[in-house]
Amino acid sequence: MMRERYCYREVLPFIAMVAIEFSNVGVNILFKAATQKGLGYYAFIAYSYLISVLFLLLPLPFVFRWSRGLPQLNLSLIFRIFLLGVIGVAAQLCGYKGLNYASPTLASALSNLIPAFTFILAVIFRMEKVALRSSSTQAKILGSSVSILGALIVLLYKGSIILSTSSPTLSPTPLSPMGSTSQTNWVLGGSLLAIEYLLVPIWYIVQTNIMKQYPAEFIVVFLYNLSGTLISAPICLLLEENLSAWKINPDITLIAIVYSGFFCTGLSSLVHTWGIHLKGPVYVSIFKPLSIVVAAVSSVIFLGDALYFGTLVGAVILSFGFYAVIWGNAKQDELSEDFDMRPSSSSKSPLLLSYKGKDNEETTHC
């Protein structure tokens, strides 16, 4: 019984978050390939939301049958889910436009800002208890800082070429700020990506608040994607007036749209919602540093980019930061479980009292 609980609460979320980061990098690479074939990026966003709604619509009647014991959806809850859709669409608009100007490598590098943004916002909204003398809190702060440092090294330091391919599967795309991409586009793309990664932790926090009141991941994600479709469709139609940009060809364009709708907008949202409900927003965000390693390797294999020494050094530093935050969360979970096993009146320790159990509705654990 204890082993099954450990697998569900620790092993399964870890595997799921790692798999989602791999799929998200795949979406970025396919997006670059599809836009090179003429698909407009506004059309890509609208189609992705539509595919995700169709994907989630099929099992919805069975989910509603299993969820009869849930509270009713009131107006306040529906408004917050709609707000979640607004934040999600805004993040996608900024992210894909930034990716259009820049590259998957830059997007993955800047995604390392998410853990820091999430941790700060979670503290501001009192969703994360901070005890500076606690080793778990120190590990999270240090790990986030080291992750950002590693991302900056990958972004700013290239060094010598370690590995490169001469016959890329797809058309080569400049993936380095020192490459052929203009500096203006690189800065503009990076700024838009930074805005996206500021909106993402806000999305996590709003999602956490919703899941406390309505703990049905599938229904919430379906309503979120439905809201995203209703919001993105008219906006993207207004912004993309060229009808040829909406054309779907039976090539990499179709693969990119279906893959994005199924994995990124649909399955990714579902897994992140489940992860937030189970582990908290900070835990979900700390897996973002992994994407830069995946992007670097994928760019060598699929886009014909070179793997540089700076990328390798940054990836090693990112790994230290990544596992430092993982250790901090595990340590905090251990302290919480120890506190839950004690009688409520037997302990007066301020440190232990600052941690709540994962099932406590007043505090979201990371």
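The values are calculated or read from the model by the stated rules, or taken from the named source; none is laboratory data. On a predicted model such as this, the values are computed, not experimentally measured, just so you know. In this analysis, Cβ positions are derived from the backbone assuming ideal geometry, glycine residues included, and neighbour counts consider all displayed protein chains. Calculation scope for accessible area: heavy atoms of the full protein, side chains included, ligands and nucleic acids excluded. Shrake-Rupley method; radii C 1.70, N 1.55, O 1.52, S 1.80 Å.
Quick look at the values:
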{"read-out": "Single residue of Val258, Val220 found to be of a type in the set (Val, Ile, Thr), at pLDDT 80 or above and within 30 Å of Lys140 (Cβ to Cβ)", "value": "Val220"}
{"read-out": "Filter result for the condition that a residue is modelled with pLDDT of 85 or more, part of a helix (DSSP H, G or I) and surrounded by 13 or more Cβ atoms within 10 Å (Cβ to Cβ), over Val25, Val86, Val63", "value": "Val86"}
{"read-out": "Residue ID - most open to solvent (accessible area, probe 1.4 Å), chosen from residues in region 315-333 that are within 20 Å of Pro104 (Cα to Cα) and modelled with pLDDT of 75 or more", "value": "Val316"}
{"read-out": "Asp305 open to solvent by 10 Å² or more (accessible area, probe 1.4 Å), at pLDDT 75 or above and over 20 Å from Tyr197 (Cβ atoms)", "value": "no"}
{"read-out": "Selection count, region 36-45, where residues are open to solvent by 10 Å² or more (accessible area, probe 1.4 Å) and part of a helix (DSSP H, G or I)", "value": "3"}
{"read-out": "Residue within region 246-265 that is more than 19 Å from Tyr49 (Cα to Cα), in contact (Cβ under 8 Å) with a residue 24 or more places away in the chain and part of a helix (DSSP H, G or I) present", "value": "no"}
{"read-out": "Test for Leu278: is it touching a Lys or Arg at 6+ places or on another chain (Cβ under 8 Å), part of a helix (DSSP H, G or I) and either at pLDDT 70 or above or open to solvent by less than 30 Å² (accessible area, probe 1.4 Å) (or both)", "value": "yes"}
{"read-out": "Qualifying residue in region 123-139 (condition: in contact with a Leu (Cβ under 6 Å, 6 or more places away or on another chain), open to solvent by less than 40 Å² (accessible area, probe 1.4 Å) and part of a helix (DSSP H, G or I))", "value": "no"}
{"read-out": "Selection count, region 97-122, where residues are within 18 Å of Leu192 (Cα to Cα), among the hydrophobic types (A, V, I, L, M, F, W, C) and either part of a helix (DSSP H, G or I) or open to solvent by 50 Å² or more (accessible area, probe 1.4 Å) (or both)", "value": "9"}
